[in-house]
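To start, the structure under review is shown below, and the notes come after it.
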Amino acid sequence: MTDRIIPLLDERVRAPRPAIPAQLETPTGRLTDRLARHLHDLRISVTDRCNFRCTYCMPREVFDSNYRFLPHAELLTFEEITRLARIFIDHGVEKIRLTGGEPLLRKDLERLIGMLASLTTRAGQPLDLTLTTNASILARKARALAAAGLKRVTVSLDALDDAVFRRMNDADFPVADVLRGIDAAAAAGLAPIKINMVVKRGTNDDEIAPMARHFRGSGHILRFIEFMDVGTSNGWRMDDVVPSAEVIKRIGAEWPVEPIDANYTGEVAERWRYRDGAGEIGVISSVTQAFCRTCTRARLSTEGKLYLCLFAQSGHDLRALVRGGASDAEISTAIAHIWRARSDRYSELRSQATVALPKIEMSYIGG
Ligand code: SF4
């Protein structure tokens, strides 16, 4: 294993305060970027902390005991998050996903969920409010999250075998805790539950069939994610990627599957179902089948920086506007200008040269 020296602090800081255009705009809800992509999904990271050290996201040798996580005063408050969410909704956002780090570690998260759940889309519909979690503490939180207004959850689970799980997540948590969390979420009505499995060749790809077998017929949707070169700390190599086509082939060899249509334009996972009616699976293929052309996602970091791509190198400091006395109209117009200038399509442009670029860490802006 090579030593990885990464100037993480530099990446986080590099987010200039956006300019406030002289001509303020009234949002139309139909904001598009340079590739005619709407702004539909907002991912909000509510903490940069996590109780796991997944090797593909937050490797322990980098995020060690000396790592300086953001002080609480730096984080957006729930009121600031809700204010920004309202402004993004005016621009057309209909889905908000809470991420981290591990979002359930943020104290009083239910209060934030209640505030966001009270917001409606421009069409007056309830927001699609969801959350991605490692489910380590979901079993005791699920009921309160649902009562606060959360609609669904996505659970990260990379193996059923405890030893393999620990190899991927470097955490001293048994798989049983995660499975209990999934059951509690189902009992609380946070369905459909999606299960995300990051597949790394030679580490957990032998778990593809056991995971499929376990979740077949459960009503939960298991998705296989290609190992990605997010950030600069996970030692990504193409050799470690199991292409989604191979995953589907492996599963199809045991349980015939067929492709099904996307639920909406911009849906991240490619959907498949078992021919015998045992449910749905998905693949997320950022490496071998880029889906940038329909990417409608913006990301807000824990301390209020706006990123336009998971593989971004720099962001836009919205907190500086929020705490600098800017009005909603000024912040809204600044966001409109930022999105309109967006042309990100990293996965289409990925090459050996891009892998080494100083990209922002996934643990900081959420997957
Ligand atoms: S690489 Fe960036 S632009 Fe492409 S789908 Fe992912 S987040 Fe969107």
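Geometric descriptor of the chain, per residue, is 132 Å³ (volume of the convex hull of the Cα atoms). Bridges between two residues of the chain, per DSSP, are antiparallel at a rate of about 35%. Think of each Lys and Arg Cβ as +1 and each Asp and Glu Cβ as -1; about the Cα centre, that makes the dipole of the chain roughly 640 debye.
Would you compute the Debye intensity of region 141-273 from its alpha-carbon atoms alone, equal scatterers and no solvent, and pass along log10 I(q)/I(0) at q = 0.09, 0.11, 0.16, 0.18 Å⁻¹ to two decimals? Summing over Cα pairs of region 141-273 leads to -0.29, -0.43, -0.92, -1.14. Between the Cα long axis of helix 138-148 and the first principal axis of the chain there is an angle of about 40°, rounded to the nearest 10. Counting only cysteine Cβ atoms and a cutoff under 4.7 Å, the chain contains unmatched residues Cys50, Cys292, Cys295, Cys309.
The mean accessible area for residues of region 7-365, using a 1.4 Å probe and ignoring ligands and nucleic acids, is 40 Å² per residue. Which of the pairs Lys305/Lys359; Lys107/Lys359; Lys200/Lys305; Lys151/Lys249; Lys141/Lys305 have their Cα atoms more than 22 Å apart in this structure? Distance filter (> 22 Å) returns Lys107/Lys359; Lys200/Lys305; Lys151/Lys249; Lys141/Lys305.
Ligands, DNA and RNA left out, the accessible area of the chain computed with a 1.4 Å probe is 52% carbon and sulfur. Decide, for region 237-367, between rounded, prolate and oblate: order the square roots of the alpha carbon gyration tensor eigenvalues as a ≥ b ≥ c, take rounded if a/c falls under 1.5, and otherwise choose prolate if a/b is larger than b/c, else oblate. Prolate shape, in that a/c is at least 1.5 and a/b is the bigger ratio. In percent, rounded to a whole number, the relative contact order of region 7-365 is 24, using alpha-carbon pairs under 8 Å and six or more apart.
Here the ratio of the Cα radius of gyration of region 322-367 to 2.2 N^0.38 Å is 1.63.
The values are calculated or read from the model by the stated rules, or taken from the named source; none is laboratory data. The model shown is predicted, which means the values in this text are computed figures rather than measured ones. We place every Cβ from the backbone using ideal geometry, glycine too, and count neighbours over all the protein chains shown. The protein model used for the area step is the full one, side chains on, heavy atoms only, and it has no ligands, DNA or RNA in it. Shrake-Rupley method; radii C 1.70, N 1.55, O 1.52, S 1.80 Å.
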